[in-house]
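Heads up, the thing below is written out as structure tokens.
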Amino acid sequence: MVKIGITGLIASGKTTAAKIIAGNKYPIFNADYEVSKIYKTSYFRKTVKKKLGINNSNNLKKKIKKVITKKKANLKTLEKIIHPIVRKNLKKFIKKNKKQKILIFEIPLLIESKLMKNFDKIIFVNSQKKNRLKRYLMRGKSKEIFNFLNKRQLPSAKKIKFSDYVINNDKTLKFLKKNIKDVISSL
């Protein structure tokens with residue numbers, strides 16, 4: 001089994017790249033999707049309210065964004081709740097798909113979380129900040145949260161050092177697909 005980790009900065013096109021690489025052949029573990037599932041669990045809601053001092057669950061995601069942007073320590077607290085669960089789910093995913101030839105893992109904080117040794121190949125999806133911000137805003141999200149999350153990640157140059165391949169995603173979807181095709185052929 002070959003485990004391919006896909007990473008990149010916020011709104012760089014990781015999900016699109018992962019889907020293109022996987023095609024309809026290989027399963028994808030999407031860390032952001034796993035986090036969204038965790039947010040819906042009663043364990044998470046109860047724990048985060050207690051640890052971050054949030055009074056009720058109404059608009060919990062919005063309240064979490066507010067407390068983590070006000071105080072950096074709150075983000076670390078949130079990560080201490082979420083990351084172990086995501087890692088547990090990652091292990092379940094590998095076990096469930098152990099007969100697959102290739103597994104794709106889309107993990108935004110792959111390098112920051114020091115998960116490099118868990119993957120046979122790491123692909124970094126690179127895109128300029130202005131393009132990433134434009135994509136993020138098109139999803140109906142805020143510039144403030146983009147800047148906050150963007151600062152939280154290592155710069156592209158540092159992530160590239162840990163990557164086997166770099167896919168540039170600053171042009172068209174056709175250009176992205178060509179870049180991915182070149183990487184796939186060398187895999």
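Name the residue that is most open to solvent (accessible area, probe 1.4 Å), counting only residues in the range 117-146 that are aliphatic (A, V, I, L, M) and under 18 Å from residue 17 (Cβ atoms). Restricting to residues being aliphatic (A, V, I, L, M) and under 18 Å from residue 17 (Cβ atoms), the top hit is 138.
The residues of the range 10-64 that are more than 30 Å from residue 183 (Cβ to Cβ), over 20 Å from the mean Cα position of the chain (by Cα) and surrounded by fewer than 16 Cβ atoms within 10 Å (Cβ to Cβ), listed by number, are 42, 43, 46, 50, 51, 53, 55, 56, 57, 58, 59. Being surrounded by 12 or more Cβ atoms within 10 Å (Cβ to Cβ), closer than 16 Å to residue 17 by Cβ, of a type outside the set (Ser, Thr, Tyr) and in contact with a helix residue (DSSP H, G or I) (Cβ under 7 Å, 6 or more places away or on another chain) is the requirement here; does residue 170 meet it? Against the criterion (surrounded by 12 or more Cβ atoms within 10 Å (Cβ to Cβ), closer than 16 Å to residue 17 by Cβ, of a type outside the set (Ser, Thr, Tyr) and in contact with a helix residue (DSSP H, G or I) (Cβ under 7 Å, 6 or more places away or on another chain)), residue 170 qualifies.
Of all residues in the range 161-174, those that are more than 17 Å from residue 187 (Cα to Cα) have Cβ atoms under 7 Å from Cβ atoms of residues that are part of a loop (DSSP other than H, G, I, E, B) and open to solvent by less than 40 Å² (accessible area, probe 1.4 Å), 6 or more apart or on another chain, in 169/12; 169/13; 169/127; 170/127.
It is to be established whether one or more residues within the range 124-142 are touching a Phe, Trp or Tyr at 6+ places or on another chain (Cβ under 8 Å) and free of Cβ contacts under 8 Å to residues at least 24 places away in the same chain. Within the range 124-142, one or more residues are touching a Phe, Trp or Tyr at 6+ places or on another chain (Cβ under 8 Å) and free of Cβ contacts under 8 Å to residues at least 24 places away in the same chain.
Just a yes or no: is a residue in the range 101-114 in contact with a Leu (Cβ under 9 Å, 6 or more places away or on another chain) and either more than 20 Å from residue 8 (Cβ to Cβ) or exposed (fewer than 15 other Cβ atoms within 10 Å of the Cβ) (or both)? Looking through the range 101-114, none of the residues is in contact with a Leu (Cβ under 9 Å, 6 or more places away or on another chain) and either more than 20 Å from residue 8 (Cβ to Cβ) or exposed (fewer than 15 other Cβ atoms within 10 Å of the Cβ) (or both). Residues in the range 65-109 that are closer than 25 Å to residue 180 by Cα and of a type in the set (S, T, N, Q): 97, 100. Listed by position, the helices (runs of 4 or more DSSP H) contained in the range 11-107 that have at least 2 residues being modelled with pLDDT of 95 or more are 14-22, 31-39, 72-96. Scanning the range 112-131 for residues that are at pLDDT 95 or above, closer than 13 Å to residue 6 by Cα and in a loop (DSSP other than H, G, I, E, B) yields 119, 120. When restricted to residues that are touching an Asp or Glu at 6+ places or on another chain (Cβ under 7 Å) and either open to solvent by less than 30 Å² (accessible area, probe 1.4 Å) or at pLDDT below 90 (or both), the range 147-167 contains 1.
The values are calculated or read from the model by the stated rules, or taken from the named source; none is laboratory data. This is a predicted model, so every value here is computed, not measured. Note that we place each Cβ from the backbone using ideal geometry, even for glycine, and neighbour counts take in every protein chain shown. Each accessible area value is taken on the protein alone, full model and side chains, heavy atoms only, with ligands, DNA and RNA left out. Shrake-Rupley method; radii C 1.70, N 1.55, O 1.52, S 1.80 Å.
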